[in-house]
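The values are calculated or read from the model by the stated rules, or taken from the named source; none is laboratory data. Predicted model, so just to flag it, every value in this text is computed and none were measured. Heads up, the Cβs are rebuilt from the backbone with ideal geometry, glycines too, and the neighbour counts pull from every protein chain shown.
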């Protein structure tokens, strides 16, 4: 933004001696001035060496969700209550006025969406006041994120994104004086290890957190470890270390000293002798400092927050009483040794004072999850609450990344306004009251609508971008359909095309499912080749969903889109075939099913359609393609000859094949299918089963001979028997048919079940096998009021079952197994509100589990927490692993905590942890590992060896917050129905290449290729010829990147680019050192990179200007996951060998090195080619 000379001068930091001397912004490395910009510490008060220095920090805490929407919190207006004076507009007006009238006051602010909304509606006079306050260090910005981000359920990529947005916005608006030096996680229920790592990499000097579990806090108070150095990543070492401070009273004042209009504490009265309470107030505060707080810290500094939620709308009252408190306490103790000395301060000033005291701090390497409020209350419910909101938070982040890429690759015009709106909501969705679901239902609906609008803004950029890159008409439109409920209005006609965009930096293979009417189709790839595909029936629970749209289909067209170009797209054309009349008659003869040769003759006559057929017309003379061989992905014994090679497809040796000796024919509608016995053999084991995987010697489609005959009067009229025709389609594997065999399988996986469709086993072709079954269960939610118990109620945050024994939704369920050439599925319907579909796709090594839950019954008046259990015979000895914010892996131990011993263990909610992308268990003796990947944040655990439980949906009628944040979500006049996906991956536990695949697969789920459909043909001519005339395949990359490297971010920054590269592998995943080298100079197709300047993670500080704070600290263990739960002694790091990565300029010719788990950020100068 443009800035006038006066404003810029006001923002220039002052030296300590004079207010008008200009100083450089370069950060010094001395201990006294160890900050990037002088305006953030030069106004810190001088400490009293002989006193307990009490840093008084006035602050407020706004909410983005909770009881109201953003605009209701800002204005005080809503649809339910009268206008409230307690609003963020009044708070900011009152605080700025109060600061301006007294130049010794300070205030800490962290609510950036409100600050910027207020700012854009203020005139130049007020803005200059704010500039002056920032320059003088009296208005201090803490936190730096666009929201106070939740740490349990957010993705690391989304965290980086919204901090980048807000920190750069601060710098562009207020220059360096507004840079937050510390985080401000003052109201976040649980703190993650990866979040701490990200904050350290962004250049924050301190990490201020609250709350932590009550037992953990008691231990830390006793051991004086409320301040410590947190190592966010063992792989990154010292680069991820950050000073961490547990806020003693959170964002609240000490008890008895809340001065706001809605507080019950007495004000300090000095003017009336009758009601004068100075002595009592001052003595109580001094007692608090000396006895309640100071004994638990290692230095003679304590920080006291003076604030509350939505405090300081009456700022004059607050500041007047804080002024009295400071002056009266200091005046009372002038002659007392070891006195308490009070002064206005900021978190940065407190941090500087602690660092100058040079304490030796303890260390931490695990996390603070889950948060335990008391012995009966764990906030593990928020890991799952409002699953739709959690999915939308991930979805809008996904859409935003694609928009950023297409803005660059298609060279779109100025879309700053659109990006501003999209990033606003994408950042807000990460807030601790929104993504966790801790808000009133109408607030949830408000933000869901905001996400929908933001997605539409993204699509408004996709449309011109696709048309530019495809060289298609500007009138061509593209839509994102509701594929999760099998609905897409643009696919209701007999021809359409799709565009699949892949935002990742490597080719991705994924199954594509398109809602269509049952019939016969052709699917063409960009080369005009016909794509193998099948038609399969959707799950009954999906088909019965309300409001699926006007055009209801019960089938989906399925094919495998192989190797979608990196950072690019591929388009496919789909055409339905119809029966047509001709002048000549034909006789269709079935050929020998084993013949390879194709015959084609045509004949046609008036068609007579069988009245029993309810299916669509099809073409009866089409030349069907044979099945073609596809490259296969080796599963189980994946090996990489060289981890730094570019793109081997994880195939070194051909997969072991199952010897199949039977042919399965779809059962007749009137006869039953015979049973067979087949021997399954592999290189490592031989198993005999009552039924086994078949192989058909049929080609993909039945072959026909079309014999032309002349018209003769005596010739009889032929007709198509559609029932028989579709039977042939089923037999060929084109249309799905229901099988009575007790297994589904693909090349690598065999899933068996008994004659009642209860799952029994999973076998892999590399010899790995486990017993396996799926249960859908629920816990009855506790209701303390009904039971007459004095406990906190369950709700959006709190999960507590009434009975520790879960209830099976049903032990008897409807089931059917469907088979096609492309996918085999097992549909299980446990009840009218819960079911799953297990899917095995040709050539893919994972098991897809499509789940649906809702409406959860409420007839008994009790809430329910519904979860899915994947049960096996794996012996994991109480250990399981979850991701931390979708990135590094952290070990969990059942009924244990890493840094303290629990005295009151609730082994159900206390063992649930956040799963942002993956949870797994492993049996080291049998060398087996089972991983489950999620499509959104969910609560997960392993309560019993061999089991993985994932919470899917919650419907709770109690409220843990007392502000009506009930989880009784409804839609269409009934309880909310939620659909989602899990992916199961079974492998050998010690095979590192499988671990590499898992990391890569997690990225392919988080940023999976998106399918966009073309406009309905009623509006635009979508003929094959016109489609084929466009460019239907594109990649923005000229070169491949090494396996393990992810282009995390590429976005426009004026005339430059922000480029962020990530090595997503961990040291435990790789055989050697895992260092990757990336050459970016000519990495992209349309431009060449000519210069780069490296920055900190958020892109707001050049790395050459940054020097992190140094601390004296205890040792770290080398690897937390290996240490935790291990009876052997820990192996410690050598402090002398640990160092923070020094700054080195990038040489584009020698490449950019990426250590395991390292993310590097660059501002890039480029030229178009």
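Points to keep in mind about this one:
- Verdict on residue 1059 being surrounded by 15 or more Cβ atoms within 10 Å (Cβ to Cβ), at pLDDT 95 or above and either in contact with a helix residue (DSSP H, G or I) (Cβ under 8 Å, 6 or more places away or on another chain) or in a loop (DSSP other than H, G, I, E, B) (or both): no
- Residue 752 vs. criteria at pLDDT below 90 and either surrounded by 20 or more Cβ atoms within 10 Å (Cβ to Cβ) or closer than 24 Å to residue 849 by Cβ (or both): no
- Single residue of the range 328-360 satisfying the filter (farther than 25 Å from residue 108 by Cβ and crowded, with 16+ Cβ neighbours inside 10 Å) that is modelled with the lowest pLDDT: 333
- In the range 149-159, residue nearest to residue 379 (Cα to Cα) [restricted to those that are part of a loop (DSSP other than H, G, I, E, B) and touching a strand residue (DSSP E or B) at 6+ places or on another chain (Cβ under 6 Å)]: 152
- Residues within the range 300-329 that are over 26 Å from residue 89 (Cβ atoms) and in a helix (DSSP H, G or I), tallied: 6
- Test: residue in the range 175-189 that is within 30 Å of residue 904 (Cβ to Cβ), at pLDDT 95 or above and part of a strand (DSSP E or B): yes
- Residue in the range 880-892 that is out of contact with any helix residue (DSSP H, G or I) (no Cβ under 8 Å at 6 or more places or on another chain), part of a loop (DSSP other than H, G, I, E, B) and in contact (Cβ under 8 Å) with a residue 24 or more places away in the chain present: no
- Residue check for residue 426: modelled with pLDDT of 95 or more, farther than 30 Å from residue 51 by Cα and either outside any strand (DSSP E or B) or out of contact with any strand residue (DSSP E or B) (no Cβ under 7 Å at 6 or more places or on another chain) (or both): yes
- Test: residue in the range 839-861 that is in a loop (DSSP other than H, G, I, E, B), without any contact (Cβ under 8 Å) to a residue 24 or more places away in the chain and not assigned by TED's automatic domain parsing to the domain that holds residue 197: yes
- Among the conditions (1) surrounded by fewer than 19 Cβ atoms within 10 Å (Cβ to Cβ); (2) touching a strand residue (DSSP E or B) at 6+ places or on another chain (Cβ under 7 Å), the only one that residue 896 does not satisfy is (2).
- Test: residue in the range 405-424 that is touching a residue at least 40 places away in the same chain (Cβ under 8 Å), over 20 Å from the mean Cα position of the chain (by Cα) and surrounded by 24 or more Cβ atoms within 10 Å (Cβ to Cβ): yes
- Residue within the range 565-582 that is at pLDDT 50 or above and under 21 Å from residue 737 (Cβ atoms) present: yes
- Extreme residue, nearest to the chain's Cα centre (by Cα), among residues of the range 131-148 that are outside any loop (DSSP other than H, G, I, E, B) and touching a residue at least 40 places away in the same chain (Cβ under 8 Å): 140
- Positions within the range 231-250 being in a loop (DSSP other than H, G, I, E, B) and surrounded by 24 or more Cβ atoms within 10 Å (Cβ to Cβ), in sequence order: 232, 233, 234
- Residue in the range 793-803 that is farthest from residue 435 (Cα to Cα), counting only those that are in contact with a strand residue (DSSP E or B) (Cβ under 8 Å, 6 or more places away or on another chain) and surrounded by 12 or more Cβ atoms within 10 Å (Cβ to Cβ): 802
- Count - residues of the range 525-545 that are touching a residue at least 24 places away in the same chain (Cβ under 8 Å) and under 21 Å from residue 1034 (Cβ atoms): 4
- In summary, residue 98 fulfils each of the numbered conditions (1) closer than 25 Å to residue 146 by Cβ; (2) not in a loop (DSSP other than H, G, I, E, B) with the single exception of condition (1).
- Of the residues making up the range 1131-1142, at least one is in contact (Cβ under 8 Å) with a residue 40 or more places away in the chain, in contact with a helix residue (DSSP H, G or I) (Cβ under 6 Å, 6 or more places away or on another chain) and closer than 30 Å to residue 172 by Cβ.
- Screening residue 85 on (1) over 24 Å from residue 262 (Cα atoms); (2) surrounded by fewer than 20 Cβ atoms within 10 Å (Cβ to Cβ) shows it passes everything except condition (1).
- Any hit, the range 1100-1108, residues being closer than 30 Å to residue 505 by Cβ, buried (at least 18 other Cβ atoms within 10 Å of the Cβ), in contact (Cβ under 8 Å) with a residue 40 or more places away in the chain and touching a helix residue (DSSP H, G or I) at 6+ places or on another chain (Cβ under 6 Å): yes
- When 1137, 1128, 1142 are checked against the criterion of being modelled with pLDDT under 90, over 30 Å from residue 224 (Cα atoms) and more than 25 Å from the chain's Cα centre (by Cα), 1142 stands alone in meeting it.
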